Amino acid sequence: MDKNSFRKKCLKKLKVVSQQSRYYKDYLVSRKIEELIDNLDVKNILVYLPLGIEVDLQKLMKKYRRKKFNIFVPFIEQESFKMVKYRLPLKKEGSFKILQSPNSNLIVEQIDMIIVPVVGVDGNYKRVGFGKGMYDRFYEKLRKKPIVVFVQRDSCYTREDITDWHDISADFYITP
C-alpha cells in the first residue's frame, strides 16, 4: 500500500464516526493527554484547532490555559505555519478557512510539547496527514525538538513503512 491510498482509506474511516461517539472518543483522548501532561515537565504546548474529523481538544486547551500553561496554536502562513498564543476570538481565515487565533508577532523560543492531529500512522510511527506537509516544515525549523504527541479519534495504523524521510514521528500516539 502506498501513502496516498492509505490516506484515502483512513480519511474514509474517520468521516463515518458518529456524532455521539465523537464526543466520547474526544473525551477519552483528552483524558489520556491530561495524564501525559501531568506526568511530564511541560509548560509550553502547541495544540491545533480541529477540523471535523480531528479530535477536539479545545476544552483541554482552556483548562490548561487557566492553569497558567502557555497554549499556542498554528497560524498558517503560505506553506507552513507559525505559533501564536491561543486566544479568542477564533476566526475562520486563510486559504483553508480553518479556525485560527488572531495573528501576533510574538516570537516563541521553545515549546515543550506539540500535539498533532493525524490521518494515519505508519510502522515507524510517522505521520500521514492531509498531504500539505505543514507540520513537517514547521517541525524541521525548530531548534530544540519538543515531545511529539499524535492524536486520532479512531486508530488508522499500518505496519508498513509508507512515509517519507521528512515526515515527523511521534513520541506518543493517542487514540481512544
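The values are calculated or read from the model by the stated rules, or taken from the named source; none is laboratory data. This is a predicted model, so every value here is computed, not measured. Neighbour counts run over all protein chains shown; Cβ positions are idealised from the backbone, glycine included.
Just name the residue that is nearest to V151 (Cα to Cα) out of those in the range 20-45 that are of a type in the set (S, T, Y) and without any contact (Cβ under 8 Å) to a residue 60 or more places away in the chain. Don't jump to the end; show me each part of the working.
Here is the first cut: in the range 20-45, the ones of a type in the set (S, T, Y) are 21, 23-24, 27, 30.
Restricting the remaining residues to those that are without any contact (Cβ under 8 Å) to a residue 60 or more places away in the chain gives 21, 23, 27, 30.
Working: S21: 16, Y23: 14, Y27: 12, S30: 9 Å.
Checking each candidate, the answer is S30.
Look at the range 142-153 and say how many of its residues are more than 17 Å from the chain's Cα centre (by Cα) and either at pLDDT below 85 or not in a loop (DSSP other than H, G, I, E, B) (or both).
Let us first name the residues in the range 142-153 that are more than 17 Å from the chain's Cα centre (by Cα), namely 143-144.
Adding the requirement that they be either at pLDDT below 85 or not in a loop (DSSP other than H, G, I, E, B) (or both) leaves none.
Counting residues in the range 142-153 that are more than 17 Å from the chain's Cα centre (by Cα) and either at pLDDT below 85 or not in a loop (DSSP other than H, G, I, E, B) (or both) gives 0.
Quick one: which of D154, D161 is exposed (fewer than 15 other Cβ atoms within 10 Å of the Cβ) and farther than 24 Å from M83 by Cα? Let's see the steps before the verdict.
Numbers: D154 fails: exposed (fewer than 15 other Cβ atoms within 10 Å of the Cβ).
Checking each option against the conditions leaves just D161.
What pairs come up if the first residue lies in the range 154-176 and is assigned to a strand (DSSP E or B), the second is among the basic types (K, R), and their beta carbons are under 6 Å apart, counting only those six or more places apart or on different chains?
Qualifying pairs under 6 Å: S169/K126; I174/K32.
Please determine, by comparing only the residues of the range 3-55 that are hydroxyl-bearing (S, T, Y) and in a helix (DSSP H, G or I), which one is farthest from P176 (Cα to Cα). Working first, answer last.
Restricting attention to the range 3-55, the residues satisfying the condition of being hydroxyl-bearing (S, T, Y) are 5, 18, 21, 23-24, 27, 30, 48.
Now restrict to residues that are in a helix (DSSP H, G or I): 5, 21, 23-24, 27, 30.
Values: S5: 24, S21: 10, Y23: 11, Y24: 9, Y27: 8, S30: 9 Å.
Looking at residues that are hydroxyl-bearing (S, T, Y) and in a helix (DSSP H, G or I), I get S5.
Would you please name the residue that is nearest to N105 (Cα to Cα), looking only at residues in the range 69-88 that are in contact (Cβ under 8 Å) with a residue 24 or more places away in the chain and assigned to a loop (DSSP other than H, G, I, E, B)?
Y86
Cβ-Cβ under 7 Å, sequence separation 6+ or interchain: first residue in the range 113-127 and in a strand (DSSP E or B), partner modelled with pLDDT under 95 and basic (K, R). Which pairs?
V116/R127; G120/R7; V121/R127
Quick check on D26: is it of a type in the set (D, E) and either closer than 30 Å to D161 by Cα or surrounded by 15 or more Cβ atoms within 10 Å (Cβ to Cβ) (or both)?
In short, yes.
For a quick check of your reading of the model, give me the residue pairs whose first member lies in the range 46-68 and is more than 24 Å from L142 (Cα to Cα) and in contact (Cβ under 8 Å) with a residue 24 or more places away in the chain, whose second is crowded, with 16+ Cβ neighbours inside 10 Å and of a type in the set (V, I, T), with beta-carbon atoms closer than 6 Å and at least 6 apart or on different chains.
Filtered contacts from the range 46-68: V55/V29; V55/V151.
Which residues, taken from the range 146-162, are within 15 Å of V29 (Cα to Cα) and of a type in the set (F, W, Y)?
Within the range 146-162, F150 is the sole residue that qualifies.
Name the single residue that is modelled with the lowest pLDDT among those in the range 96-112 being closer than 22 Å to L14 by Cα and either in contact with a strand residue (DSSP E or B) (Cβ under 7 Å, 6 or more places away or on another chain) or not in a loop (DSSP other than H, G, I, E, B) (or both). Show your work before the answer.
First, the residues of the range 96-112 that are closer than 22 Å to L14 by Cα: 96-99.
Going one step further and asking which of them are either in contact with a strand residue (DSSP E or B) (Cβ under 7 Å, 6 or more places away or on another chain) or not in a loop (DSSP other than H, G, I, E, B) (or both), we end up with 96, 98-99.
Details: F96: 59, I98: 71, L99: 69.
Applying the filter and picking the extreme gives F96.
When only residues in the range 111-124 that are more than 18 Å from L46 (Cβ to Cβ) and under 14 Å from the mean Cα position of the chain (by Cα) count, which is surrounded by the fewest Cβ atoms within 10 Å (Cβ to Cβ)?
Initial filter on the range 111-124 (more than 18 Å from L46 (Cβ to Cβ)): 119-124.
Still in the running and under 14 Å from the mean Cα position of the chain (by Cα): 119-121.
Details: V119: 21, G120: 25, V121: 23.
Only one residue fits best here, namely V119.
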